Amino acid sequence: MVRSLTQKIITVMAVFWVLLGTMATLAIYSINVNRRSNAYLTTHTAQLSTTSYRFSNELYRAVKETEIYLLTGAPAARAEVFDALDQAQQDLEVLRLLNQEDRSLIGLPPLTEGSQTQPVNIYALVDFQVTQTLRAVDTADEAQRQSLLADVGAIEDQLEQFVVENQAQVQQEVDATNRKLEGFNNRSIVIAPVVFTSLLLLSILLVWLLRRVVVRPIKRLSRITSQVAAGDLDQSIESTSQDEVGMLQRSFSQMLVNLRAQRAQLREQNANLQASLENQQRLFETVQLLSAPLLPIREGVIVLPIVGHVDTQRAEEITNTLLHGIQQRRAHTAILDVTGIAMLDTHVMNLIIGTVQAARLLGTRVFLAGISAEMAQLIVEQEITLTNIQTYRDLSAAIAAAEQGRQSIVRR
């Protein structure tokens, strides 16, 4: 399946954001674990340690005050016993709640039923033993008092064992919490560099992909475009991919092919036009030569037909042809046939009059033949002066007039 450039970039960016999200999630999870672990240490483990310590001290105080009461019979000691038991009972309620909390956060299993009931059992034992001792002390003799002291001493041993076990439980929770934090921190130390390295490599990959797929082809297209703009169409572009950049390359390559074809077609058309212009120039030169031929029809009489367009340059050529013909033929009469002039206007008429005046300076009579009705109307409308210039409708009339004039000249 061919992927477009947009799909490639979206894929890379999706992976990039997934890794970035993973790293952010890991950081947030690490913060939460540290916060919850620290909260567990401060709200549960520390409270458990403090309450257990106070609970044990209150039971110790109840036992010690009982021993004092056994030895002295002081009422204050008896009151201290009951006060210590009341304080211990309050701490027992707190311990019962703390022992029921979930310890899975720090990776420890729930406390066994025996561990949860241990504070209750030790409190019940002390409460029973102390209460019984206080009731029996008033009627007991010395031997019974010693027996009661021994029983109270035995309770102290059980209290010491309870304190040791309770401290072990608290230490176990502290150690478990520290191990959990340490283990998670170690995993974070391993995972974070991996994710960061992956992000770095992915960024490098994205930059490389953009340079390879976009920047380099665009630079090459820009360079070739500059060369094409300078007139060099003999360039070629290879398609490097099937994505949008490849489509642009193929389109530009097809454009170059079309431009080269158009250039070849234009060159061919230019060559054809050049050949046509050369042919037209040669034809024009031929027409120029043929359009003003000097025709001697009688001795001393020449005819100069004027055909085609007449401009200033053409008028000079006609004048030169006429004057040279008059000199060479010793002509006394020249007939200018204007029947074949393409367009007769004031400018052309003035040029012809100038030619006639130049010929008359050589002593030659000049006739104008081929004056049509339109030409006569133009001469009248434009008030063109044809003084001393004889005009005739056609060439035959002008030739006849020239023949009569020649005969008159011969008779004289």
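Being charged (D, E, K, R) and loosely packed, with under 14 Cβ neighbours inside 10 Å is the filter here; which residues of segment 361-393 pass it?
Step one: filter segment 361-393 for residues charged (D, E, K, R), giving 365, 374, 381, 383, 393.
Answer for segment 361-393, where residues must be charged (D, E, K, R) and loosely packed, with under 14 Cβ neighbours inside 10 Å: Glu374, Glu381, Glu383.
Got a sec? Which of Ala154, Ala176 is small (Gly, Ala, Ser), assigned by TED's automatic domain parsing to the domain that holds His44 and touching a Leu at 6+ places or on another chain (Cβ under 8 Å)? Show your work before the answer.
Numbers: Ala154 fails: touching a Leu at 6+ places or on another chain (Cβ under 8 Å).
From the options Ala154, Ala176, the qualifying one is Ala176.
Determine whether Thr346 is at pLDDT 85 or above and hydroxyl-bearing (Ser, Thr, Tyr).
Considered against the rule, which asks whether it is at pLDDT 85 or above and hydroxyl-bearing (Ser, Thr, Tyr), Thr346 comes out as no.
Being more than 15 Å from Pro305 (Cβ to Cβ) and assigned to a loop (DSSP other than H, G, I, E, B) is the requirement here; does Met343 meet it?
Values: more than 15 Å from Pro305 (Cβ to Cβ): yes; assigned to a loop (DSSP other than H, G, I, E, B): yes.
In short, yes.
Only one of the listed residues (Leu362, Leu368) is without any contact (Cβ under 8 Å) to a residue 60 or more places away in the chain and either assigned to a helix (DSSP H, G or I) or closer than 22 Å to Ala397 by Cβ (or both). That residue is Leu368.
The values are calculated or read from the model by the stated rules, or taken from the named source; none is laboratory data. This one's a predicted model, so the numbers in the text were calculated from it and none came from an experiment. Glycine gets a Cβ as well: all are built from the backbone with ideal geometry, and neighbour counts include every protein chain shown.
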